[in-house]
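Encoded as C-alpha coordinates, the structure appears first; notes follow it.
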Amino acid sequence: MRTFVTGATGWVGSAVVRDLIAAGHQVTGLARSAASADKLVASGMRVVRGSIEDLDLLRTAAAQADAVIHTAFNHDWSRFAENCAADKLAIEVLGAELEGSERPLIVTSGVALLAPGRLATEADAAPPVTKSFPRASEAVVEELRNRGLRTTTVRLAPSVHGVGDHGFVPRLAGIARDKGASAYIGNGENHWPAVHRLDAARVFRLALDCPADGPFHAVAEQGVALKDIAEAIARQFDLPVVSKSADEASEHFGWFAPFVGIDAPTSSDRTRAILDWIPEQPGLLEDLAKPDYFGR
(Lines give C-alpha, C1' and ligand atoms only; values in the text may rest on other atoms or scores of the structure.)
Protein backbone atom coordinates (compact mmCIF):
# COMPACT_ATOMS: atom_id res chain seq x y z
CA MET A 1 0.00 0.00 0.00
CA ARG A 2 1.27 3.48 -0.88
CA THR A 3 0.86 5.46 2.34
CA PHE A 4 1.42 9.18 2.83
CA VAL A 5 2.36 10.20 6.39
CA THR A 6 2.43 13.76 7.70
CA GLY A 7 4.65 14.40 10.71
CA ALA A 8 6.86 11.57 9.49
CA THR A 9 9.92 12.67 11.48
CA GLY A 10 7.98 13.40 14.68
CA TRP A 11 8.04 11.36 17.87
CA VAL A 12 4.95 9.34 16.92
CA GLY A 13 5.11 9.74 13.15
CA SER A 14 8.63 8.33 12.86
CA ALA A 15 7.53 5.21 14.75
CA VAL A 16 4.49 4.89 12.48
CA VAL A 17 6.74 5.11 9.42
CA ARG A 18 9.07 2.43 10.79
CA ASP A 19 6.13 0.11 11.46
CA LEU A 20 4.60 0.67 8.02
CA ILE A 21 7.85 -0.01 6.18
CA ALA A 22 8.42 -3.20 8.17
CA ALA A 23 4.93 -4.32 7.12
CA GLY A 24 5.70 -3.74 3.43
CA HIS A 25 4.10 -0.35 2.82
CA GLN A 26 5.58 2.08 0.32
CA VAL A 27 5.76 5.22 2.45
CA THR A 28 5.94 8.85 1.44
CA GLY A 29 6.77 11.16 4.33
CA LEU A 30 6.27 14.90 4.71
CA ALA A 31 9.42 16.71 5.88
CA ARG A 32 9.83 20.39 6.72
CA SER A 33 13.63 20.60 6.49
CA ALA A 34 16.51 19.15 4.49
CA ALA A 35 17.81 17.43 7.62
CA SER A 36 14.43 15.81 8.22
CA ALA A 37 14.22 14.79 4.57
CA ASP A 38 17.62 13.10 4.79
CA LYS A 39 16.44 11.06 7.79
CA LEU A 40 13.40 9.86 5.89
CA VAL A 41 15.39 8.91 2.80
CA ALA A 42 17.83 6.96 4.98
CA SER A 43 14.92 4.98 6.44
CA GLY A 44 13.88 3.83 2.97
CA MET A 45 11.03 6.09 1.95
CA ARG A 46 10.08 8.73 -0.57
CA VAL A 47 10.05 12.31 0.71
CA VAL A 48 8.07 15.44 -0.07
CA ARG A 49 9.40 18.69 1.35
CA GLY A 50 7.04 21.13 2.99
CA SER A 51 4.60 21.57 5.87
CA ILE A 52 0.91 20.94 6.50
CA GLU A 53 0.35 24.57 5.56
CA ASP A 54 1.42 23.73 1.97
CA LEU A 55 -2.09 22.78 0.88
CA ASP A 56 -1.29 22.10 -2.79
CA LEU A 57 1.48 19.76 -1.68
CA LEU A 58 -0.96 17.90 0.59
CA ARG A 59 -3.45 17.53 -2.26
CA THR A 60 -0.81 16.14 -4.60
CA ALA A 61 0.62 13.70 -2.08
CA ALA A 62 -2.84 12.46 -1.07
CA ALA A 63 -3.84 12.04 -4.72
CA GLN A 64 -0.87 9.71 -5.24
CA ALA A 65 -1.51 7.63 -2.12
CA ASP A 66 -3.66 4.61 -1.29
CA ALA A 67 -3.93 5.80 2.32
CA VAL A 68 -3.07 8.85 4.43
CA ILE A 69 -2.00 9.01 8.09
CA HIS A 70 -1.98 12.49 9.62
CA THR A 71 0.26 12.73 12.69
CA ALA A 72 1.64 16.26 12.20
CA PHE A 73 0.81 18.94 14.74
CA ASN A 74 2.78 22.00 15.85
CA HIS A 75 3.07 21.79 19.66
CA ASP A 76 4.06 25.42 20.17
CA TRP A 77 1.53 26.13 22.94
CA SER A 78 1.98 29.90 22.54
CA ARG A 79 0.27 29.57 19.12
CA PHE A 80 -2.22 26.86 20.02
CA ALA A 81 -5.25 28.44 18.31
CA GLU A 82 -3.33 29.10 15.09
CA ASN A 83 -1.90 25.57 15.11
CA CYS A 84 -5.35 24.09 15.62
CA ALA A 85 -6.65 26.10 12.66
CA ALA A 86 -3.80 24.83 10.46
CA ASP A 87 -4.48 21.25 11.59
CA LYS A 88 -8.21 21.58 10.80
CA LEU A 89 -7.53 22.94 7.32
CA ALA A 90 -4.97 20.22 6.56
CA ILE A 91 -7.45 17.48 7.51
CA GLU A 92 -10.16 19.09 5.38
CA VAL A 93 -7.82 19.28 2.37
CA LEU A 94 -6.64 15.68 2.75
CA GLY A 95 -10.22 14.51 3.13
CA ALA A 96 -11.42 16.42 0.07
CA GLU A 97 -8.72 14.76 -2.03
CA LEU A 98 -9.71 11.27 -0.84
CA GLU A 99 -13.46 11.87 -1.15
CA GLY A 100 -15.28 9.50 -3.49
CA SER A 101 -12.79 6.68 -2.92
CA GLU A 102 -12.31 3.90 -0.39
CA ARG A 103 -8.84 5.20 0.51
CA PRO A 104 -8.56 5.58 4.31
CA LEU A 105 -7.56 8.70 6.23
CA ILE A 106 -6.32 8.23 9.81
CA VAL A 107 -6.18 11.36 11.98
CA THR A 108 -4.47 11.81 15.36
CA SER A 109 -6.20 13.01 18.53
CA GLY A 110 -5.87 12.49 22.29
CA VAL A 111 -7.68 10.99 25.28
CA ALA A 112 -6.77 13.42 28.07
CA LEU A 113 -9.94 15.54 27.99
CA LEU A 114 -12.51 12.88 27.08
CA ALA A 115 -13.93 12.18 30.54
CA PRO A 116 -11.86 13.74 33.34
CA GLY A 117 -12.21 11.88 36.61
CA ARG A 118 -13.78 8.69 35.26
CA LEU A 119 -12.76 5.85 32.96
CA ALA A 120 -13.01 7.05 29.36
CA THR A 121 -13.83 4.65 26.53
CA GLU A 122 -13.91 4.77 22.75
CA ALA A 123 -17.64 5.56 23.01
CA ASP A 124 -16.90 8.95 24.59
CA ALA A 125 -17.16 11.89 22.22
CA ALA A 126 -14.31 14.35 21.83
CA PRO A 127 -14.67 17.60 23.77
CA PRO A 128 -16.57 20.28 21.82
CA VAL A 129 -14.63 22.85 19.87
CA THR A 130 -14.58 26.11 21.83
CA LYS A 131 -12.49 29.25 22.00
CA SER A 132 -10.60 27.80 24.98
CA PHE A 133 -10.14 24.43 23.23
CA PRO A 134 -10.06 25.06 19.48
CA ARG A 135 -8.65 21.71 18.34
CA ALA A 136 -11.18 20.38 15.83
CA SER A 137 -9.52 17.23 14.46
CA GLU A 138 -12.27 14.84 15.58
CA ALA A 139 -15.05 17.23 14.57
CA VAL A 140 -13.62 17.36 11.05
CA VAL A 141 -13.32 13.57 10.93
CA GLU A 142 -17.00 13.30 11.85
CA GLU A 143 -17.94 15.74 9.07
CA LEU A 144 -15.87 13.78 6.55
CA ARG A 145 -17.38 10.48 7.68
CA ASN A 146 -20.85 11.94 7.18
CA ARG A 147 -19.84 12.72 3.59
CA GLY A 148 -18.97 9.05 3.05
CA LEU A 149 -15.23 9.12 3.55
CA ARG A 150 -13.44 6.16 5.12
CA THR A 151 -11.84 8.07 7.95
CA THR A 152 -11.25 7.61 11.67
CA THR A 153 -9.19 8.80 14.61
CA VAL A 154 -6.39 7.28 16.66
CA ARG A 155 -6.41 8.84 20.12
CA LEU A 156 -3.06 8.91 21.89
CA ALA A 157 -2.37 8.63 25.60
CA PRO A 158 -0.92 11.79 27.23
CA SER A 159 2.36 9.94 27.76
CA VAL A 160 3.67 8.32 24.58
CA HIS A 161 6.92 7.10 26.03
CA GLY A 162 10.23 5.52 25.03
CA VAL A 163 13.90 6.41 25.24
CA GLY A 164 14.27 9.81 23.56
CA ASP A 165 10.87 11.00 24.83
CA HIS A 166 10.49 14.79 24.83
CA GLY A 167 6.87 15.00 25.92
CA PHE A 168 4.99 15.25 29.21
CA VAL A 169 7.25 13.20 31.47
CA PRO A 170 10.53 14.89 30.42
CA ARG A 171 8.80 18.22 30.99
CA LEU A 172 7.94 17.09 34.53
CA ALA A 173 11.54 15.99 34.97
CA GLY A 174 12.82 19.37 33.78
CA ILE A 175 10.65 21.18 36.30
CA ALA A 176 11.84 18.81 39.05
CA ARG A 177 15.48 19.52 38.26
CA ASP A 178 14.87 23.28 38.10
CA LYS A 179 12.96 23.31 41.40
CA GLY A 180 15.14 20.77 43.21
CA ALA A 181 12.21 18.48 44.00
CA SER A 182 9.96 16.08 42.10
CA ALA A 183 6.38 17.04 42.85
CA TYR A 184 2.84 15.80 42.49
CA ILE A 185 -0.47 17.49 43.37
CA GLY A 186 -2.46 16.54 46.47
CA ASN A 187 -2.24 12.79 47.08
CA GLY A 188 -0.88 12.18 43.59
CA GLU A 189 -3.60 9.66 42.77
CA ASN A 190 -4.67 11.31 39.53
CA HIS A 191 -3.81 9.11 36.57
CA TRP A 192 -2.09 9.56 33.21
CA PRO A 193 -2.75 6.89 30.57
CA ALA A 194 0.41 5.74 28.83
CA VAL A 195 1.62 3.85 25.75
CA HIS A 196 5.02 3.06 24.29
CA ARG A 197 5.53 4.79 20.95
CA LEU A 198 6.17 1.49 19.14
CA ASP A 199 2.90 0.04 20.42
CA ALA A 200 1.09 3.25 19.47
CA ALA A 201 2.50 3.07 15.94
CA ARG A 202 0.97 -0.35 15.42
CA VAL A 203 -2.51 0.99 16.19
CA PHE A 204 -2.24 3.37 13.22
CA ARG A 205 -1.20 0.57 10.85
CA LEU A 206 -3.89 -1.83 12.04
CA ALA A 207 -6.53 0.89 11.73
CA LEU A 208 -5.72 1.30 8.03
CA ASP A 209 -7.03 -2.18 7.25
CA CYS A 210 -9.95 -2.18 9.68
CA PRO A 211 -13.46 -1.83 8.21
CA ALA A 212 -14.93 -0.95 11.63
CA ASP A 213 -15.32 2.66 12.70
CA GLY A 214 -13.07 4.12 15.38
CA PRO A 215 -12.03 6.06 17.25
CA PHE A 216 -9.23 3.78 18.42
CA HIS A 217 -7.34 4.25 21.68
CA ALA A 218 -3.56 3.86 21.63
CA VAL A 219 -3.52 3.27 25.40
CA ALA A 220 -1.50 0.42 26.90
CA GLU A 221 -1.92 1.39 30.58
CA GLN A 222 -5.27 2.80 31.70
CA GLY A 223 -3.61 5.16 34.13
CA VAL A 224 -0.32 5.56 35.95
CA ALA A 225 -0.56 7.53 39.20
CA LEU A 226 1.20 10.89 39.08
CA LYS A 227 2.82 10.16 42.44
CA ASP A 228 4.45 7.04 40.97
CA ILE A 229 5.75 9.06 38.02
CA ALA A 230 7.13 11.74 40.37
CA GLU A 231 8.87 9.07 42.45
CA ALA A 232 10.43 7.51 39.32
CA ILE A 233 11.78 10.92 38.29
CA ALA A 234 13.12 11.50 41.81
CA ARG A 235 15.05 8.22 41.69
CA GLN A 236 16.62 9.13 38.37
CA PHE A 237 17.88 12.52 39.58
CA ASP A 238 18.31 11.80 43.30
CA LEU A 239 15.71 14.40 44.30
CA PRO A 240 13.21 14.57 47.15
CA VAL A 241 9.54 13.88 46.40
CA VAL A 242 7.03 16.49 47.57
CA SER A 243 3.30 17.06 47.44
CA LYS A 244 1.96 20.43 46.31
CA SER A 245 -1.49 21.73 47.11
CA ALA A 246 -3.72 22.93 44.29
CA ASP A 247 -2.82 26.52 45.22
CA GLU A 248 0.91 25.74 45.23
CA ALA A 249 0.78 23.83 41.95
CA SER A 250 0.55 26.91 39.73
CA GLU A 251 3.70 28.39 41.21
CA HIS A 252 5.65 25.12 41.06
CA PHE A 253 4.55 23.85 37.63
CA GLY A 254 3.71 27.15 35.91
CA TRP A 255 1.54 26.90 32.80
CA PHE A 256 1.97 23.11 32.90
CA ALA A 257 -0.02 22.77 36.17
CA PRO A 258 -3.40 21.95 34.53
CA PHE A 259 -1.77 19.09 32.62
CA VAL A 260 -0.11 17.75 35.77
CA GLY A 261 -3.48 17.69 37.51
CA ILE A 262 -5.29 15.75 34.78
CA ASP A 263 -7.05 12.60 35.98
CA ALA A 264 -7.84 10.74 32.78
CA PRO A 265 -8.00 6.95 33.20
CA THR A 266 -8.78 5.50 29.79
CA SER A 267 -9.78 2.09 28.45
CA SER A 268 -8.64 0.60 25.15
CA ASP A 269 -10.73 -2.58 25.42
CA ARG A 270 -12.67 -1.98 22.20
CA THR A 271 -9.50 -1.11 20.29
CA ARG A 272 -7.77 -4.28 21.45
CA ALA A 273 -10.75 -6.43 20.50
CA ILE A 274 -11.36 -4.93 17.07
CA LEU A 275 -7.74 -4.54 15.96
CA ASP A 276 -6.38 -7.59 17.81
CA TRP A 277 -3.86 -5.18 19.30
CA ILE A 278 -1.77 -6.38 22.23
CA PRO A 279 0.84 -3.92 23.60
CA GLU A 280 4.25 -5.57 23.70
CA GLN A 281 6.63 -2.87 24.91
CA PRO A 282 7.64 -1.92 28.49
CA GLY A 283 5.23 0.07 30.63
CA LEU A 284 5.88 3.68 31.58
CA LEU A 285 7.47 3.10 35.00
CA GLU A 286 9.68 0.32 33.64
CA ASP A 287 10.79 2.66 30.86
CA LEU A 288 11.52 5.50 33.31
CA ALA A 289 13.82 3.20 35.29
CA LYS A 290 16.19 2.91 32.33
CA PRO A 291 19.39 4.93 32.98
CA ASP A 292 19.33 6.51 29.51
CA TYR A 293 15.66 7.48 29.47
CA PHE A 294 16.31 11.18 30.06
CA GLY A 295 19.39 11.26 27.82
CA ARG A 296 21.90 11.77 30.60
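Taking the criterion of being touching a residue at least 24 places away in the same chain (Cβ under 8 Å) and among the hydroxyl-bearing types (Ser, Thr, Tyr), the residues of segment 121-176 that qualify are Thr121, Ser137, Thr151, Thr152, Thr153, Ser159. With respect to Arg79, determine if the residue is of a type in the set (Lys, Arg) and modelled with pLDDT under 95. Against the criterion (of a type in the set (Lys, Arg) and modelled with pLDDT under 95), Arg79 qualifies. Kindly establish whether Ala249 is among the hydrophobic types (A, V, I, L, M, F, W, C), touching a helix residue (DSSP H, G or I) at 6+ places or on another chain (Cβ under 9 Å) and either surrounded by 17 or more Cβ atoms within 10 Å (Cβ to Cβ) or assigned to a helix (DSSP H, G or I) (or both). Criteria met by Ala249.
Could you list, in sequence order, all residues of segment 109-152 that are among the β-branched types (Val, Ile, Thr) and under 23 Å from Arg79 (Cα atoms)?
Filtering segment 109-152 for residues among the β-branched types (Val, Ile, Thr) gives 111, 121, 129-130, 140-141, 151-152.
Passing the criteria: Val111, Val129, Thr130, Val140, Val141.
I'd like to check something: does segment 154-167 contain any residue that is surrounded by 22 or more Cβ atoms within 10 Å (Cβ to Cβ) and more than 17 Å from the chain's Cα centre (by Cα)? There is no residue in segment 154-167 that is surrounded by 22 or more Cβ atoms within 10 Å (Cβ to Cβ) and more than 17 Å from the chain's Cα centre (by Cα).
The single condition among (1) outside any helix (DSSP H, G or I); (2) not assigned by TED's automatic domain parsing to the domain that holds Gly117 that Asp213 does not satisfy is (2). For the residues Ala136, Ala120, Ala125, Ala173, the requirement of being of a type in the set (A, V, I, L, M), out of contact with any Ser or Thr (no Cβ under 6 Å at 6 or more places or on another chain) and closer than 28 Å to Ser243 by Cβ singles out Ala173.
Residues in segment 232-246 that are surrounded by fewer than 17 Cβ atoms within 10 Å (Cβ to Cβ) and either modelled with pLDDT under 95 or assigned to a helix (DSSP H, G or I) (or both): Arg235, Phe237, Ala246.
Taking the residues in segment 137-178 that are part of a loop (DSSP other than H, G, I, E, B) and farther than 25 Å from Leu275 by Cβ as candidates, determine which candidate is modelled with the highest pLDDT. Steps first, answer last, please.
Of the residues in segment 137-178, the ones part of a loop (DSSP other than H, G, I, E, B) are 147-150, 157-158, 162-167.
When the remaining residues are screened for being farther than 25 Å from Leu275 by Cβ, the result is 163-164, 166.
On the way: Val163: 93, Gly164: 90, His166: 88.
Across segment 137-178, the extreme among qualifying residues is Val163.
Test Ala72 against the stated conditions and say whether it is in contact (Cβ under 8 Å) with a residue 60 or more places away in the chain and either in a loop (DSSP other than H, G, I, E, B) or surrounded by 15 or more Cβ atoms within 10 Å (Cβ to Cβ) (or both). Write out each step before concluding.
Numbers: in contact (Cβ under 8 Å) with a residue 60 or more places away in the chain: yes; either in a loop (DSSP other than H, G, I, E, B) or surrounded by 15 or more Cβ atoms within 10 Å (Cβ to Cβ) (or both): yes.
Against the criterion (in contact (Cβ under 8 Å) with a residue 60 or more places away in the chain and either in a loop (DSSP other than H, G, I, E, B) or surrounded by 15 or more Cβ atoms within 10 Å (Cβ to Cβ) (or both)), Ala72 qualifies.
Among the residues of segment 271-278, is any surrounded by fewer than 16 Cβ atoms within 10 Å (Cβ to Cβ), closer than 16 Å to Tyr184 by Cα, in contact (Cβ under 8 Å) with a residue 24 or more places away in the chain and out of contact with any strand residue (DSSP E or B) (no Cβ under 7 Å at 6 or more places or on another chain)? No.
Applying the criterion of being buried (at least 18 other Cβ atoms within 10 Å of the Cβ) and hydroxyl-bearing (Ser, Thr, Tyr) to the residues of segment 1-35, the residue that is modelled with the lowest pLDDT is Thr9. The residues of segment 92-112 that are farther than 24 Å from Asp263 by Cα and not aliphatic (A, V, I, L, M), listed by number, are Glu92, Gly95, Glu97, Glu99, Gly100, Ser101, Glu102, Arg103, Pro104. The residues of segment 179-193 that are polar (S, T, N, Q), closer than 16 Å to Ile233 by Cβ and in a loop (DSSP other than H, G, I, E, B) amount to a single one, Asn190. Counting residues in segment 201-223 that are of a type in the set (Lys, Arg), touching a residue at least 40 places away in the same chain (Cβ under 8 Å) and surrounded by fewer than 19 Cβ atoms within 10 Å (Cβ to Cβ) gives zero.
The values are calculated or read from the model by the stated rules, or taken from the named source; none is laboratory data. Just so you know, these numbers come straight off a predicted model, no measurement behind them. Glycine gets a Cβ as well: all are built from the backbone with ideal geometry, and neighbour counts include every protein chain shown.
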